[in-house]
Amino acid sequence: MSVDRVRTREDTDGCACLECRGVRSVATRRGLGDVLLWSIGLLRTRPSIVVVFLGLAALQLVGTIGSVWVGFAVAIVSFVGSLFALCYVATLAGGELLGERYPVGTAIRYALRRLPAAATIQIGVLFSMMLAIFVIFLGSITVVLSGDLRVLVAGAVVLLVLLIVFVVVATKFVLATTAAVVGGYGPLRSLRVSWRLVSFRRRTTILLVGLLVVLPASYGIAELATVTDPYPVIGNDAVRFGVQAASTVTTFLSSAVTIAVFTHVYVQGVLE
């Protein structure tokens, strides 16, 4: 069984109407709340998604209790596994929106084929973000150490502009990996498609930005809750590990829901 790709109208051969493309019309009518509920329900209807992300959560927990080298190896495997999980969820979610229930084997094979493109985008965006954060941090230190009020004011304005540009660019590229998987695009084309689809004049963008902010924040809060030095919050090691396990599982399952939301938003965007 082959996996159908959902592309923009100009990249679609033949008629691009919903019926010819096999897209369920209800998918285009869902509001933000319905999209989120649909994405949560996908975990129930496709339990293999839960299995994949529970495996990633277990792997993450192994890294926290092992040696430094075990943690390093787990980090590498987790990164690749997370990319595969992203491709896998996007494949299944895209199929559901097309009215297709892809078998697990078909979804796995397709996800593996799209893994190199997804990895290229993720690594490129990650390094770009790290570079941008480093430049903003270095600029902040330089401005503060200058001691000149005029330099402080001008530097603050420049850094604020850079921060806004950083947020805008990061948000505009948020659907790039989804485009590479569901649309079957290459890395550069995926970035261009994502840039065009994400508009700050739409309420959907608020949801995308919110998910980008909430997930890292929830993970950080979960990690903070398990801190024991120097002021123990949870003193019992077993309880502490239980809290950490619960927070890790919740974070990973939330990631699965987020990927499904991105897939739905992408499909809605290319159909407009």
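The values are calculated or read from the model by the stated rules, or taken from the named source; none is laboratory data. Please read these numbers as outputs of a predicted model, since none were measured by experiment. Glycine also receives a Cβ, built like all others from the backbone with ideal geometry; neighbour counts cover every protein chain displayed. Surface areas here come from the heavy atoms of the whole protein model, side chains and all, with no ligands, DNA or RNA. Shrake-Rupley method; radii C 1.70, N 1.55, O 1.52, S 1.80 Å.
With all protein chains kept in place, the per residue accessible area of the stretch 117-156 amounts to 70 square angstrom at a probe of 1.4 angstrom. When each of the peptides 248-257, 29-38 is scored by how many other beta carbons lie within 10 Å of its residues on average, the order from highest to lowest is 248-257, 29-38. The overall shape of the stretch 56-206 is oblate: from the C-alpha gyration tensor, with semi-axes ordered a ≥ b ≥ c, the ratio a/c is 1.5 or greater and a/b is no larger than b/c.
How much area per residue is accessible in the stretch 43-114 when the probe is 1.4 Å and only protein heavy atoms are counted (Å²)? Show your work: numbers first, answer last.
Values: 3350 Å² over 72 residues.
The answer is 46 Å² per residue.
Here the stretch 92-202 is treated with +1 on each Lys and Arg Cβ and -1 on each Asp and Glu Cβ, and its dipole about the Cα centre works out to around 400 debye.
For the stretch 63-202, the share of accessible area belonging to carbon and sulfur comes to 77 percent (1.4 Å probe, ligands and nucleic acids excluded). Spin-label pair T28-V158: with each label point 7 Å from Cα along the Cα-Cβ axis, the two points sit 4.8 nm from one another.
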